[in-house]
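J.: Once you've had a glance at the structure underneath, I'll fire off some questions.
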Amino acid sequence: MRVLGIETSCDETGVALYEGGPGGAGLLAHAVYSQIELHADYGGVVPELASRDHIRKLLPLIEQVLDEAAMTAADVQGIAYTAGPGLVGALLVGAALGRSLAWAWGVPAVAVHHMEGHLLAPLLEDPAPAFPFVALLVSGGHTQLVDVQAIGRYRILGESVDDAAGEAFDKTAKILGLPYPGGPALARLAEQGDPTRYRFPRPMTDRPGLDFSFSGLKTFALNAWQKEQAERADTEQARADIARAFEEAVVETLLIKCRRAVEAAGAQRLIMSGGVSANRRLRARMDEQMGARGVAVFYPRAALCTDNGAMIAFAGHERLVAGQQESLAFGARPRWALDELPALS
């Protein structure tokens, strides 16, 4: 079955064509348009501008993906679109177009949960992880640990009680005067930092449980930066040292919680997905720590860590072949819990 995937939950317009099933070719083509330049002057995503840009970019991207795959609309056998969680206006753009095209082309459509797309993204790789596994979903909007028994059989083990890890990266980068988007800029700067200069706290690791809290790290970074500015004329190295300390704190906190999660679930496999999962320091430490415990770690390729249509096409394919599809009515769910999804029969 060939499924067209549409992703418009925030500030990336993603489209992909995926062919699954026996003899299927897998990911046939995908394209992502990022709105970074559009939102850079504002230091963050402006929802109305994001929605308008999705409208401008979606149809050209669909045409591009079909051309790259040497396919036409007649070759599409199903459409998957992100219905939530995310920005409601942006979600409605993708949902409206996806459901309308499915009606016009006479194929089924399915609404996909954005975080299920991220959770299943490592299954697009070779080798793909087998079920069951523990998933760390770590992005700008979410930080969650999930016990995954099968598609749709999810149990939330822990999640952030305030800022997500990616959100904390972006806010700390802004404190340090780094350009938007801040997370990748902070990670690059941290490579120049002295790891012994500062030690930031590892929040919520001194107590039982698998929940996260990253907002306090942002405040800790602000206080350290203001102190450096008050005491030094040249603060460039201090900026890098603070970035390194912040990154180390986030990485080690995630490691500690992941170790607890795989032990609690008795898991032999861990997958990590979402934008922050592309962080090189996090990947290296996770491989080292989990490898020492005999736990295999799986990631999607870097291009599939951030929001993309490929993960939506794959997740939609799995649900469509299981018989799930939407009626002609469509909508968006800006808030949508992952464990509300139905299991595949």
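The values are calculated or read from the model by the stated rules, or taken from the named source; none is laboratory data. All values reported here derive from a predicted model rather than from experimental measurement. Don't worry about glycine lacking a Cβ; one is built from the backbone with ideal geometry, like all the others, and counts go over all protein chains shown. Side chains are part of the model used for accessible areas, which takes the heavy atoms of the whole protein and leaves out ligands, DNA and RNA. Shrake-Rupley method; radii C 1.70, N 1.55, O 1.52, S 1.80 Å.
J.: If the requirement is being modelled with pLDDT of 95 or more and out of contact with any Lys or Arg (no Cβ under 6 Å at 6 or more places or on another chain), which of these qualifies: Glu252, Glu231, Glu318, Glu236? Walk me through it before giving the result.
T.: Working: Glu252 fails: out of contact with any Lys or Arg (no Cβ under 6 Å at 6 or more places or on another chain); Glu231 fails: modelled with pLDDT of 95 or more; Glu236 fails: modelled with pLDDT of 95 or more.
After applying the criteria, what remains is Glu318.
J.: While we're looking at this one, here's another question. Under the condition of being assigned to a loop (DSSP other than H, G, I, E, B) and over 23 Å from His142 (Cα atoms), which residue from the stretch 1-22 is most open to solvent (accessible area, probe 1.4 Å)?
T.: Applying the first criterion (assigned to a loop (DSSP other than H, G, I, E, B)) to the stretch 1-22 yields 1, 8-11, 20-22.
Next cut, over 23 Å from His142 (Cα atoms) only: 1, 20-22.
Numbers: Met1: 59, Gly20: 8, Gly21: 47, Pro22: 143 Å².
Filtering the stretch 1-22 for residues that are assigned to a loop (DSSP other than H, G, I, E, B) and over 23 Å from His142 (Cα atoms), the one most open to solvent (accessible area, probe 1.4 Å) comes out as Pro22.
J.: Continuing with the same structure: Can you name the number of the only condition in (1) over 21 Å from Cys10 (Cα atoms); (2) in contact (Cβ under 8 Å) with a residue 12 or more places away in the chain; (3) among the acidic types (Asp, Glu) that Asp170 fails?
T.: Condition (1) is where Asp170 drops out.
J.: Sticking with this structure for a sec: Can you name the strands (runs of 3 or more DSSP E) wholly within the stretch 101-192 that have at least 1 residues being over 17 Å from the mean Cα position of the chain (by Cα) and small (Gly, Ala, Ser)? Break it down into steps so the answer makes sense when it comes.
T.: Working: elements: 109-113, 133-138, 143-150, 153-159.
Result: 109-113, 143-150.
J.: Given Ala25, Ala95, which one is surrounded by 18 or more Cβ atoms within 10 Å (Cβ to Cβ), aliphatic (A, V, I, L, M), over 28 Å from Lys171 (Cα atoms) and at pLDDT 95 or above? Write out each step before concluding.
T.: Details: Ala25 fails: surrounded by 18 or more Cβ atoms within 10 Å (Cβ to Cβ).
Sole residue among the options that is surrounded by 18 or more Cβ atoms within 10 Å (Cβ to Cβ), aliphatic (A, V, I, L, M), over 28 Å from Lys171 (Cα atoms) and at pLDDT 95 or above: Ala95.
J.: If we keep just the residues of the stretch 81-92 that are in contact with a helix residue (DSSP H, G or I) (Cβ under 7 Å, 6 or more places away or on another chain) and in a helix (DSSP H, G or I), which is least open to solvent (accessible area, probe 1.4 Å)?
T.: Going through the stretch 81-92, the residues in contact with a helix residue (DSSP H, G or I) (Cβ under 7 Å, 6 or more places away or on another chain) turn out to be 81-87, 89-90.
Checking which are in a helix (DSSP H, G or I) leaves us with 89-90.
Details: Gly89: 29, Ala90: 0 Å².
Among them, the one singled out is Ala90.
J.: Name the one entry in Pro300, Pro334 that is surrounded by fewer than 17 Cβ atoms within 10 Å (Cβ to Cβ) and under 19 Å from the mean Cα position of the chain (by Cα).
T.: On the way: Pro300 fails: surrounded by fewer than 17 Cβ atoms within 10 Å (Cβ to Cβ).
On inspection, the qualifying residue turns out to be Pro334.
J.: Check the stretch 28-36 and report whether any residue there is open to solvent by 40 Å² or more (accessible area, probe 1.4 Å) and in a helix (DSSP H, G or I). I'd like the intermediate steps shown before the answer.
T.: In the first step, residues of the stretch 28-36 are kept if they are open to solvent by 40 Å² or more (accessible area, probe 1.4 Å); the result is 28, 30, 32-34, 36.
Keeping just the survivors that are in a helix (DSSP H, G or I) gives 36.
Yes, the stretch 28-36 contains a residue that is open to solvent by 40 Å² or more (accessible area, probe 1.4 Å) and in a helix (DSSP H, G or I).
J.: Anything in the stretch 37-69 that is open to solvent by 20 Å² or more (accessible area, probe 1.4 Å), among the β-branched types (Val, Ile, Thr) and outside any loop (DSSP other than H, G, I, E, B)? List them, or say none.
T.: Ile55, the sole residue that qualifies.
J.: Kindly indicate which of Ala90, Ala16, Ala73 is among the aliphatic types (A, V, I, L, M), modelled with pLDDT of 95 or more and in contact with a Cys (Cβ under 7 Å, 6 or more places away or on another chain).
T.: On the way: Ala16 fails: in contact with a Cys (Cβ under 7 Å, 6 or more places away or on another chain); Ala73 fails: in contact with a Cys (Cβ under 7 Å, 6 or more places away or on another chain).
Exactly one of Ala90, Ala16, Ala73 is among the aliphatic types (A, V, I, L, M), modelled with pLDDT of 95 or more and in contact with a Cys (Cβ under 7 Å, 6 or more places away or on another chain), namely Ala90.
J.: Report every pair of residues separated by at least 6 positions or lying on different chains whose Cβ atoms are under 6 Å apart, first residue within the stretch 320-345 and within 19 Å of Ser9 (Cβ to Cβ), second open to solvent by 60 Å² or more (accessible area, probe 1.4 Å).
T.: Ala332/Val88; Ala332/Leu92; Pro334/Val88
J.: Quick check on my filter: what residues within the stretch 285-302 are within 27 Å of His54 (Cα to Cα) and modelled with pLDDT of 95 or more? Steps first, please.
T.: Pass one, the stretch 285-302, residues within 27 Å of His54 (Cα to Cα): 300-302.
Matches in the stretch 285-302: Pro300, Arg301.
J.: Next question. Could you look through the stretch 248-290, keep only residues that are of a type in the set (S, T, N, Q) and open to solvent by 10 Å² or more (accessible area, probe 1.4 Å), and pick out the one that is nearest to the chain's Cα centre (by Cα)?
T.: Going residue by residue through the stretch 248-290, those that are of a type in the set (S, T, N, Q) are 253, 268, 273, 277, 279, 289.
Those still in the list that are open to solvent by 10 Å² or more (accessible area, probe 1.4 Å) too: 268, 279, 289.
Numbers: Gln268: 22, Asn279: 12, Gln289: 22 Å.
The extreme case among them is Asn279.
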